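Data block below; observations after.
The values are calculated or read from the model by the stated rules, or taken from the named source; none is laboratory data. Remember, predicted model here, so these are calculated numbers, not experimental data. Every residue, glycine among them, receives a Cβ derived from its backbone with ideal geometry; neighbour counts consider all protein chains shown. Heads up: the accessible areas ignore ligands, DNA and RNA and are worked out on the full protein's heavy atoms, side chains in. Shrake-Rupley method; radii C 1.70, N 1.55, O 1.52, S 1.80 Å.
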Protein chains: 2
Amino acid sequence: MRQYYFILADSELEIIPKEIQSERCVLNNARARGKAPDKILLDASHHHPAFRRLGGSDRRGRPDITHFFLMLCLDSDLSVQGRLRVFVHTRNDDVIAVNSETRLPPNYPRFIGLIETLYEKEVVPSAENALLELRHGVSLEALVAALKADEVYVLDVDGEKSHTVAEMLSESKGERVVVIIGGFSKGSYKSDISRLKPKPIHCSLGDRMMKVWTVTSKTLCSIEMSENQAVEAVTKKAKAPSKPRRARKKKEE
Amino acid sequence: MRQYYFILADSELEIIPKEIQSERCVLNNARARGKAPDKILLDASHHHPAFRRLGGSDRRGRPDITHFFLMLCLDSDLSVQGRLRVFVHTRNDDVIAVNSETRLPPNYPRFIGLIETLYEKEVVPSAENALLELRHGVSLEALVAALKADEVYVLDVDGEKSHTVAEMLSESKGERVVVIIGGFSKGSYKSDISRLKPKPIHCSLGDRMMKVWTVTSKTLCSIEMSENQAVEAVTKKAKAPSKPRRARKKKEE
């Protein structure tokens, strides 16, 4: 059975960077939440006034994207069947490995709290029961290499246009397939995709820039449909017809 | 062109009910947010300690489900093409009509604030530019009747099993298709589905109870795929073959 590895790459998930930890909006938000500013996730929705001091400020601080992505992945058929492993790779080369048994809070503030705890403890809920595990300094290249992928697909609005990722996958023979989705709302991958091995296949779902949750949803659906078709094809071959069919007209006599 | 109407039915979205407005967890949460308890949405994540006093307490207070549902619908191909209108129907027969131009906040607390404003003003941002509009006392039955649907599909875990809603839709001839998805995490529809006209077609996506976002995502993907196939079929018919084909063997002579 083919195994899938989804990576949300260069996702905009990070602890508030040092250079803005003493900005007023950050301090206010930290006080309101009863946490220290260096224990809080950057969130464009709260900390935007301080963003002028950050590079790439038009895309940073979007943990909501990671939340949506994970909620979709973890309830997918693939994940329920144990055929999907999910990783979040961030702009700072942090990697979160997500156990497929994880039941994440659907409530966003609770999700934020959980990821903040993860950044403190590096594993939650505990080392014996590691549902989320954080590693620092793992580049996208190193993560893909560690997964020993047979094939790597990169979802990319500039990639080859294809209505379904399924069409591309149906031609693939790999047993270990890595699918990379960008975890940002604007711009393109920060990581150098061209360095990935094996050489990634770029694919796109259309001309418009879609939200990450749309890309995730479409990719999951495409894969699941192509997998179902494969199963049906095998089942049809294996099964004898259950009731006698009317003899077909012979075509050529 | 076929038009789709998605209704999130019996969704667990409501202002905090009177009987628990003076509970401690509600008062604390209201104070922290600087709002009156009767202006706040019920949220299981904050107000659960007071739920023992509510009926149906195991499913109430889930505005996150509505948020996910709307984020997926509004960025879908169907919506971008202007072929999808979305409605949120709640357990109390409130109906929110969502203009497809609406750009909702992806940040959950901001979404909550927006819906609370909607419950105060009944239209946001303004009557001249009504992106979200709230009506009270509209049953699911009345909403479906008002949409003058040719066909009504109800997503229902006890419905007819079908891998793709597309298979069911491909046989349909209707121009105005209503798709009903339950906006709750547990149990079944509170509204009496059997009273809907035209008689609804029940369909299911599988045996397991899926999250509402998974159901939404799968339904959207199925429809979009079946629509694409229809477009491709038409295009193929219309186009002359670009290179000369080998003459087919005649079948019967």
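Rundown of residues vs (1) on the phi < 0 side of the Ramachandran plot; (2) part of a helix (DSSP H, G or I); (3) more than 14 Å from chain A (Cβ to nearest Cβ), yes/no style:
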{"position": "B:Glu101", "(1), (2), (3)": "yes, no, yes"}
{"position": "B:Pro109", "(1), (2), (3)": "yes, yes, no"}
{"position": "B:Tyr119", "(1), (2), (3)": "yes, yes, yes"}
{"position": "B:Leu143", "(1), (2), (3)": "yes, yes, yes"}
{"position": "B:Asp156", "(1), (2), (3)": "yes, no, yes"}
{"position": "B:Met168", "(1), (2), (3)": "yes, yes, yes"}
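Can you tell me which residues in the stretch B:61-87 are away from chain A (no Cβ under 14 Å), buried (at least 21 other Cβ atoms within 10 Å of the Cβ) and out of contact with any helix residue (DSSP H, G or I) (no Cβ under 6 Å at 6 or more places or on another chain)?
At the first step, the residues of the stretch B:61-87 found to be away from chain A (no Cβ under 14 Å) are B:83, B:85-87.
If we keep only those that are buried (at least 21 other Cβ atoms within 10 Å of the Cβ) as well, we get B:86-87.
Across the stretch B:61-87, the qualifying residue is only B:Phe87.
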Looking at (1) open to solvent by less than 20 Å² (accessible area, probe 1.4 Å); (2) out of contact with any strand residue (DSSP E or B) (no Cβ under 6 Å at 6 or more places or on another chain); (3) within 10 Å of chain A (Cβ to nearest Cβ), which is the only condition B:Ala44 fails? (1)
Considering only the stretch B:175-221, state which residues are modelled with pLDDT under 90 and small (Gly, Ala, Ser). B:Ser204, B:Gly206
Condition (residue is more than 27 Å from B:Pro63 (Cα to Cα) and basic (Lys, Arg)) applied to the stretch A:58-79: is it met by at least one residue? no
Quick count over the stretch B:88-122, residues being open to solvent by 20 Å² or more (accessible area, probe 1.4 Å) and either among the hydrophobic types (A, V, I, L, M, F, W, C) or touching a residue at least 40 places away in the same chain (Cβ under 8 Å) (or both), is 7
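Return the only residue of A:Lys39, A:Lys18 being away from every other protein chain (no Cβ under 14 Å), in contact (Cβ under 8 Å) with a residue 60 or more places away in the chain and open to solvent by 10 Å² or more (accessible area, probe 1.4 Å).
Working: A:Lys18 fails: in contact (Cβ under 8 Å) with a residue 60 or more places away in the chain.
None of the others qualify; the one that does is A:Lys39.
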Out of the residues in the stretch B:134-176 that are surrounded by 20 or more Cβ atoms within 10 Å (Cβ to Cβ) and of a type in the set (Val, Ile, Thr), which is farthest from the chain's Cα centre (by Cα)? B:Thr164
Checked against (1) closer than 23 Å to B:Met210 by Cα; (2) in a loop (DSSP other than H, G, I, E, B), B:Gly55 satisfies every condition except (1)
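Test of understanding: among A:Val212, A:Val179, which residue is out of contact with any Asp or Glu (no Cβ under 8 Å at 6 or more places or on another chain), open to solvent by less than 20 Å² (accessible area, probe 1.4 Å), within 24 Å of A:Pro63 (Cβ to Cβ) and more than 14 Å from chain B (Cβ to nearest Cβ)? Even if it seems obvious, please write down each step before you answer.
Values: A:Val212 fails: more than 14 Å from chain B (Cβ to nearest Cβ).
Going through A:Val212, A:Val179 in turn, just one is out of contact with any Asp or Glu (no Cβ under 8 Å at 6 or more places or on another chain), open to solvent by less than 20 Å² (accessible area, probe 1.4 Å), within 24 Å of A:Pro63 (Cβ to Cβ) and more than 14 Å from chain B (Cβ to nearest Cβ): A:Val179.
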Considering only residues that are more than 22 Å from A:Arg85 (Cα to Cα) and either open to solvent by less than 20 Å² (accessible area, probe 1.4 Å) or under 16 Å from the mean Cα position of the chain (by Cα) (or both), which ones fall in the stretch A:187-204? A:Ser188, A:Lys190
